[in-house]
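The values are calculated or read from the model by the stated rules, or taken from the named source; none is laboratory data. All values derive from a computational prediction rather than experimental measurement. FYI the Cβ positions are ideal-geometry reconstructions off the backbone, even for glycines, and counts take in every protein chain you see. For the accessible areas, the whole protein counts, side chains as well, though only heavy atoms, and no ligand, DNA or RNA atoms are used. Shrake-Rupley method; radii C 1.70, N 1.55, O 1.52, S 1.80 Å.
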Amino acid sequence: WDETHFGKMGSYYINRTFFFDVHPPLGKMLIGLAGYLSGYDGTFPFQKPGDRYEQHNYMGMRGFCAFLGSCLVPFAYLTVLELSKSLPAALLTAFIIIFDTGCITLSQYILLDPILMFFLMGAVLSMVKCNSCADRPFSASWWFWLSLTGVNLAGAMGVKFVGLFVVLLVGLNTIYDLWDLLGNLSLSLVMLWKHLLARVLCLILLPLALYTAMFAVHFTVLNKSGPGDGFFSSAFQSQLIGNNLHNVSVPEHLAYGSVVTMKNLRMAGGYLHSHWHLYPEGVGARQQQVTAYLHKDLNNLWIIKKHDSDADPSDPLSPVEFVRHGDIIRLEHKETSRNLHSHQHEAPLTRKHFQVTGYGINGSGDSNDFWRIEVVGRRTGKLIKVLRSQVRLTHVATGCILGSSGKTLPKWGWEQVEVTCTPYLKETPNSLWNFEDHINPKLPNISLDVLKPSFAEILLESHMVMIRGTSGLKPKDNEVTSKPWHWPINYQGLRFSGVNETDFRVYLLGNPVIWWLNLVTIGLYLLIAVSTAVTLKRGVQLTPELKELARIVLRGGGQITLGWLLHYLPFFMMGRVLYFHHYFPAMLFSSMLTGITWDALLKFCAGFLLPSTTARKVYGGGFLTLILLIVYSFYLFHPLSYGMIGPMASDPSSPMAGLRWMDSWEF
């Protein structure tokens with residue numbers, strides 16, 4: 001499944017081919033590096049799930065992800081040990097993650113999830129370790145854990161934007177610490193400033209520097225033209241070896257008589273295009289079609305002319321006259337000699353937008369062919385630059401703005417992209433254009449290297465494209481998607497590969513016993529935490545042991561519960577398509593909470609409700625029962641971890657026979 005994406009992207013890094021993805025680059029770069037160091041040559045096509053790797057050396061990439069996934073166990077163990085000071089609590093957490101079928105499945109393939117969870121858990125462990133050094137601030141160990149927290153935050157954000165949730169967790173922990181220090185009257189203001197600056201340095205500046213460096217490496221490595229070119233601006237594309245804009249010389253400023261192509265700035269918006277075909281009967285006026293086309297073509301060429309003059313500006317004897325911000329122009333299609341035209345007929349697909357057509361004969365049309373050209377952020381009279389200037393074309397007669405809707409036209413429109421004139425004056429990439437190709441023999445050419453964007457501009461553009469790409473990940477019609485409420489109850493898994501008995505089938509599903517134990521424990525923890533908080537508020541006298549247990553429940557368990565909430569609740573507000581694997585970072589927090597909660601509950605029951613002779617037995621027996629239950633459930637469901645072949649679960653001879661406890665499980 002996702003190996004077809006992330007394995008392919010690892011290949012792109014090895015081949016230095018530029019591509020686009022909605023996630024930041026670190027995870028794919030590490031996959032590519034693992035493949036490169038293990039002898040993979042980047043030639044496997046990664047076309048569809050189930051394709052055989054044959055002689056291609058893929059084990060390095062899978063092994064790297066499996067290693068990082070395995071690190072989740074010691075990270076969770078050490079985090080719980082630090083928070084609870086209890087070996088049994090840490091061991092229970094470790095057993096939960098070791099024997100969860102979902103964690104094993106997700107960790108052993110070429111995916112971003114184990115890499116994301118590695119940095120996420122690394123950040124949580126470093127934060128907890130740094131908190132434990134609070135009694136010796138500015139010591140070597142304190143600086144080490146604080147800096148390592150920053151490094152892991154950069155790593156989590158550099159793999160997926162959901163790394164922002166762990167940044168929020170660490171940020172809230174830092175604010176709490178600083179607020180606590182502010183109330184410590186024994187600290188001088190100078191010392192408080194030192195604490196603040198240390199955290200700014202290690203938790204803001206260091207992660208930002210590392211995050212920026214990832215993109216610098218990303219753009220340096222991917223220097224060849226590839227499938228991601230069209231998502232980026234023309235100025236960016238001019239830097240890519242093999243792109244038709246690379247090492248090209250064109251006139252810098254637009255003039256009347258120039259032959260140009262115009263590229264829409266929305267992602268995959270296409271070039272302004274026309275052809276001899278007319279709109280069909282019943283679709284607005286029966287005039288020449290104007291569309292947006294995603295590929296280079298002679299029908300993308302337009303001539304810029306004055307709106308009030310029929311003189312030929314390409315005449316070598318006529319003086320050069322530059323196009324300026326605010327000018328009213330006419331755009332004549334080079335191949336068909338019809339003018340870009342709009343009127344108050346409705347657009348083919350987008351209701352309440354106006355139709356855009358090609359109209360007139362040999363450049364002669366009417367007043368509906370006039371457009372005002374405006375550059376974003378410029379003053380009247382300023383010149384218009386090729387590639388760099390972002391322009392909008394406002395229709396003089398109706399006041400609407402030329403744009404690409406992004407919708408695909410039917411067969412009569414050759415399945416090209418709809419172009420409309422929108423009466424809504426909201427500025428979006430749909431209604432902005434830049435000039436890419438520019439031919440004018442009367443003007444001197446300059447190298448596009450002069451116009452190449454700075455690193456800061458590239459960094460900003462790449463984030464805008466990623467954000468637009470993420471917001472475009474809407475569920476398609478009839479697509480099976482997952483709902484956030486499904487996840488904690490393990491309602492439905494995710495098919496990675498294979499459908500039939502003859503296929504090798506991989507199905508992502510959590511170990512149901514573990515997941516339901518985690519779910520029950522969240523409710524149990526809330527009950528215990530509220531009871532403990534009320535007890536402390538009422539001033540009930542507690543023994544030192546109970547006071548320490550209350551501190552662990554409220555402080556340690558509270559941090560982990562906050563982590564679970566931050567990594568789960570935001571998905572309810574997301575409009576993008578969601579999948580089951582999005583819950584796994586939150587699942588790690590709920591697993592750690594299970595270890596802490598059951599340890600506190602058994603300690604309380606055994607130590608304070610039972611005589612001392614049986615207390616140790618009850619405490620040990622309780623943990624042993626939970627661990628045996630977890631191990632036995634893994635024994636039942638372990639085929640899910642390693643893939644299945646042969647009869648389906650409905651067949652009595654299947655190793656999964658009788659284990660389809662919920663109808664929604666599709667193995």
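At negative phi, β-branched (Val, Ile, Thr) and at pLDDT 95 or above, is that true of Thr212? Yes: the conditions hold for Thr212.
Taking the range 228-260 as the range and being at pLDDT 85 or above, surrounded by fewer than 18 Cβ atoms within 10 Å (Cβ to Cβ) and not in a loop (DSSP other than H, G, I, E, B) as the test, the residues that pass are Ile241, Val259. Residues in the range 70-96 that are open to solvent by less than 10 Å² (accessible area, probe 1.4 Å), touching a Ser or Thr at 6+ places or on another chain (Cβ under 8 Å) and of a type outside the set (Ser, Thr, Tyr): how many? Residues that pass the stated criteria total 6. Of all the numbered requirements in (1) assigned to a strand (DSSP E or B); (2) closer than 23 Å to His253 by Cα; (3) open to solvent by 40 Å² or more (accessible area, probe 1.4 Å), His345 misses one, and that requirement is (2). Pairing residues of the range 63-83 that are within 15 Å of Phe119 (Cα to Cα) with residues that are polar (S, T, N, Q) and at pLDDT below 95, at Cβ distances under 6 Å and at least 6 apart in sequence or on separate chains, gives Ala66/Ser107; Ala66/Gln108; Gly69/Ser107. Looking at the structure I just gave you, is Leu569 out of contact with any Gly (no Cβ under 7 Å at 6 or more places or on another chain) and either assigned by the TED database to the domain that holds Phe119 or modelled with pLDDT of 90 or more (or both)? Yes. Against the test of being crowded, with 17+ Cβ neighbours inside 10 Å and in the same structural domain as Ile645 (by the TED database), the options Leu554, Leu549, Leu519, Leu526 yield a single qualifying residue, Leu549. Just to be sure before I move on: is Ser225 of a type in the set (Ser, Thr, Tyr), at pLDDT below 90 and under 30 Å from Gly326 (Cβ atoms) in the structure I sent? Considered against the rule, which asks whether it is of a type in the set (Ser, Thr, Tyr), at pLDDT below 90 and under 30 Å from Gly326 (Cβ atoms), Ser225 comes out as no. Among the residues of the range 7-25, at least one is within 21 Å of the chain's Cα centre (by Cα), modelled with pLDDT under 95, acidic (Asp, Glu) and surrounded by fewer than 23 Cβ atoms within 10 Å (Cβ to Cβ). In the set (1) surrounded by fewer than 16 Cβ atoms within 10 Å (Cβ to Cβ); (2) modelled with pLDDT under 90; (3) within 17 Å of Val396 (Cα to Cα), the condition left unmet by Ile328 is number (2). Between Leu210, Leu201, the distinction of being under 21 Å from Val159 (Cα atoms) and surrounded by fewer than 19 Cβ atoms within 10 Å (Cβ to Cβ) belongs to Leu210 only.
Of all residues in the range 63-78, none are of a type in the set (Phe, Trp, Tyr), touching a Phe, Trp or Tyr at 6+ places or on another chain (Cβ under 9 Å) and assigned by the TED database to the domain that holds Tyr211. Restricting attention to the range 398-428, the residues that are open to solvent by 10 Å² or more (accessible area, probe 1.4 Å) and either assigned to a helix (DSSP H, G or I) or outside the structural domain of Leu387 (by the TED database) (or both) total 2.
Considering Leu185, Leu111, the condition of being touching an Asp or Glu at 6+ places or on another chain (Cβ under 6 Å), assigned to a loop (DSSP other than H, G, I, E, B) and either open to solvent by less than 60 Å² (accessible area, probe 1.4 Å) or at pLDDT below 95 (or both) is satisfied by Leu111 alone.
So which pairs qualify, if the first residue must be in the range 162-182 and assigned by the TED database to the domain that holds Leu565 and among the charged types (D, E, K, R), the second must be open to solvent by 80 Å² or more (accessible area, probe 1.4 Å) and not in a helix (DSSP H, G or I), the Cβ gap must be under 8 Å, and the two must be at least 6 apart or on different chains? Cβ pairs passing all conditions: none.
Only one entry in Ala347, Ala397 is among the aliphatic types (A, V, I, L, M) and in contact with a helix residue (DSSP H, G or I) (Cβ under 7 Å, 6 or more places away or on another chain), namely Ala397. Would you say Lys263 is open to solvent by 40 Å² or more (accessible area, probe 1.4 Å) and in contact (Cβ under 8 Å) with a residue 40 or more places away in the chain? When the stated conditions are applied, Lys263 does not pass them. Note on the range 444-456: residues that are touching a Phe, Trp or Tyr at 6+ places or on another chain (Cβ under 9 Å) and surrounded by 14 or more Cβ atoms within 10 Å (Cβ to Cβ) total 2. In this structure, does Ile31 turn out to be open to solvent by less than 60 Å² (accessible area, probe 1.4 Å), assigned to a helix (DSSP H, G or I), among the hydrophobic types (A, V, I, L, M, F, W, C) and over 30 Å from Leu626 (Cβ atoms)? Against the criterion (open to solvent by less than 60 Å² (accessible area, probe 1.4 Å), assigned to a helix (DSSP H, G or I), among the hydrophobic types (A, V, I, L, M, F, W, C) and over 30 Å from Leu626 (Cβ atoms)), Ile31 qualifies. Scanning the range 270-293 for residues being out of contact with any Leu (no Cβ under 9 Å at 6 or more places or on another chain), assigned to a loop (DSSP other than H, G, I, E, B) and open to solvent by 60 Å² or more (accessible area, probe 1.4 Å) gives a total of 2. Considering (1) out of contact with any His (no Cβ under 9 Å at 6 or more places or on another chain); (2) part of a helix (DSSP H, G or I); (3) hydroxyl-bearing (Ser, Thr, Tyr), the lone condition that Tyr13 does not fulfil carries the number (1). Listed by first and then second residue, the pairs linking a residue in the range 115-143 that is in a helix (DSSP H, G or I) to a residue that is charged (D, E, K, R), with Cβ atoms under 7 Å apart and 6 or more places separating them unless they lie on different chains, are Leu116/Lys160; Val128/Glu82; Lys129/Glu82; Ser132/Glu82; Trp142/Arg136. Exactly one residue out of Phe95, Phe67 is assigned to a helix (DSSP H, G or I), more than 27 Å from the chain's Cα centre (by Cα) and of a type in the set (Phe, Trp, Tyr): that is Phe95. What do you reckon, is Met59 free of Cβ contacts under 8 Å to residues at least 40 places away in the same chain, open to solvent by 10 Å² or more (accessible area, probe 1.4 Å), out of contact with any helix residue (DSSP H, G or I) (no Cβ under 9 Å at 6 or more places or on another chain) and among the hydrophobic types (A, V, I, L, M, F, W, C)? It is true that Met59 is free of Cβ contacts under 8 Å to residues at least 40 places away in the same chain, open to solvent by 10 Å² or more (accessible area, probe 1.4 Å), out of contact with any helix residue (DSSP H, G or I) (no Cβ under 9 Å at 6 or more places or on another chain) and among the hydrophobic types (A, V, I, L, M, F, W, C). Here His307 does not qualify as of a type outside the set (Lys, Arg) and under 42 Å from the mean Cα position of the chain (by Cα).
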